[in-house]
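Written below as structure tokens is the structure these notes are about.
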Amino acid sequence: MSKNSTRARRACASIVAAVLLVAAFALPPAADAQRRGNARRAANASAASTSAASRRDPDVARIVAEIDPRNIERTVRKLVSFGTRNTLSAQDNPTRGIGAARDWLKREFEEIARGAGGRLSVELQSYTQEANPPPRGRVLQPTVISNVVATLRGTQPASAARMYVVSGHYDSMCTSPTDATCDAPGANDDASGVAAIVEMARVMSRREFDATIVFMAIAGEEQGLLGSTYYAEQAKQKSLNIEGMFTNDIVGNTLGGNGVRDRNTLRVFSEGVPSNETPEEANVRRSTGGENDSASRQLARFIKETGATYLPGFNVQMIYRRDRYQRGGDHIPFLERGFAAVRFTEPNEEYKHQHQNVRTEQGTIYGDLPEFVDYGYIAQVARVNAAALAALARAPARPKGVGLVTRRLTNDTDLQWTANAELDLAGYEIVWRDTTSPVWTNSRAVGNVTTYTVEGMSKDNYFFGVRAVDREGNRSPVSIPRPVR
Ligand SMILES: [Zn+2]
């Protein structure tokens, strides 16, 4: 822009300001109030808010960079080398069967723990599943189910009890879920997810996080979500504070059965209406909206935001479903017990390479073999997970007790919440979006307060939420309000 045009613009702006000033004095009081009201609403809607995007933490960027596809390939091929990992297969054979895979994973996590300054602990969580044969179940005789659990303890006293769980399942199956001896390489379903969490544990355990992260290789998924059900039920009984759970299941194939090659998209499935919603909560939701605002959906939005921040160009595709159509995964037992949870899966599945006996028919290869897995893609999946987990575990907890106060009929929106306990808390942000928007679009810092009135913006016309921010700018996922009087 030339100096002249700048000068001309300034002059023009001065004239406009002068005219407005004159007009202001000339207006009657009511019109003046209206003008100020309009100005305030305009400010509310634009100038006093910023986009809802998350901040970029250089150390999270380093975590993302350190995820190495070579380690992921090594883990997948090692898991495949056990021949089968069917949950009903041998548990005492050192080279074949699920027991060998379980012991190898435990040793692998223990090796990682050696470089983690005592923060990573490794244990087997085992129980005996009673027989539940077909047609009802998929367990022919009483079977020990073992989850391999590596826990990276949080280092901030106020946050260490807050947990995020990330999983893959290490069991596999061929065509028959109860065939314990057929080859079931399970390279994609789900050595891919397990390899991702092992690599995340390696990179993330070298660092400190405020909250606790649990890396879990689950057994019994193909037998009916047995290992995840056991873990989630124990967690519920112990009142563990699990604020988010991610399952990675079938995250390694980039050439779909539909012929589409897509190395740049990851689906994140999240339910809209909570699986454990009570009839009373359903009544409130029907009256106020919110079928698109479960805690799991907020988690999915958070993951999409951090994905865009740390992996620009990689598409985290939100799917508004609990899981694929009429199918299930290890996040569901968590959802049923009231924990926010999401599922990650590749964009286009290839059913020739899932749950199939390894064979060649008329030149077509069937079976879940390691040559059909894209290791660079699994690394991208691990990066999306790791970035979101790191951002979650460094951020404050999402605000609790968030209420939208409905004592008065007003065009303002009155919000309240309870104070967070973290010592490094800086304050809170109000976020909002149009009711038709899939993601939060606006935010406003409101300071370290526990009530806030959004003036001139009606709760009828927007969805509002609250999130907590610490002194480094780490933001929690959003909590949506319930109506309170
Ligand atoms: Zn699976």
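Values in this text are rule-based calculations from the coordinates and carry no lab data. It should be emphasised that the depicted structure is a prediction, and the values quoted were computed from it without experimental measurement. Don't worry about glycine lacking a Cβ; one is built from the backbone with ideal geometry, like all the others, and counts go over all protein chains shown.
Fully extending the segment from Q141 to V449 would add 105.1 nm, taking 0.36 nm per residue of separation and subtracting the current Cα-Cα distance.
Our Cα-only numbers for segment 414-481 put the radius of gyration and Dmax at 11.9, 36 Å. Taking amide H as placed 1.01 Å from N in the peptide plane, the amide H of M318 sits under 5 Å from that of V268, each at least 5 places away or on another chain.
Within the chain, the whole DSSP H helices whose Cα atoms reach 24 Å or more along their own axis and whose mean Kyte-Doolittle score is at least 0.0 are 3-26, 375-394. If you plug the beta carbon distance of S287 and T410 into 1/(1 + (r/R0)^6) with R0 = 22 Å, you get a FRET efficiency near 0.80. The longest stretch of the chain left intact once loop-based chymotrypsin sites (Phe, Trp or Tyr not before Pro) with at most 15 other Cβ atoms within 10 Å are removed from consideration, loops following DSSP, is 1-319. Placing pseudo-labels 7 Å out from each Cα toward the beta carbon at S239 and E123 gives an inter-label distance of 1.9 nm.
Note: relative contact order over the chain, using C-alpha pairs below 8 Å and six or more positions apart, is 17 percent. When the GluC sites (Glu not before Pro) in segment 382-485 are filtered for DSSP coil states and for at most 12 other beta-carbon atoms within 10 Å of their beta-carbon, the remaining sites are E472.
In summary, the lysines within cross-link reach of K78, defined as a Cα separation below 20 angstrom excluding same-chain residues under 8 places away, comprise K106. Partner lysines whose Cα lies under 20 Å from the Cα of K459, excluding those fewer than 8 positions away in the same chain, are identified as K400. In this label model, R327 and R77 are separated by 2.7 nm, measuring between points 7 Å along each Cα→Cβ vector. Peptide packing: for 111-118, 144-151, 258-265, the average count of neighbouring Cβ atoms within 10 Å per residue gives the ranking 144-151, 111-118, 258-265, highest mean first. With only Cα atoms counted, the chain has Rg and Dmax values of 25.8, 92 Å. Between A65 and A160, the modelled labels are 3.1 nm apart [label points 7 Å from Cα along Cα→Cβ]. A Förster radius of 41 Å, combined with the Cβ-Cβ distance separating R485 from I319, puts the computed FRET efficiency at roughly 0.70. Distant-in-sequence amide contacts of V251, defined by a placed amide H-H separation under 5 Å and a gap of 5 or more residues or a different chain, comprise S192, G193, E346. Shown here is the pair-distance distribution of segment 331-395: with all Cα-Cα distances grouped in 10 Å bins from zero up to the longest one, the shares run 16, 31, 31, 16, 5, 0 percent. For segment 157-243, trypsin sites (Lys or Arg not before Pro) are listed when DSSP marks them as loop and at most 10 other Cβ atoms sit within 10 Å of their Cβ; the list is K238.
About its Cα centre, the dipole of segment 58-394 is roughly 540 debye, where the only charges are +1 on Lys and Arg Cβ and -1 on Asp and Glu Cβ.
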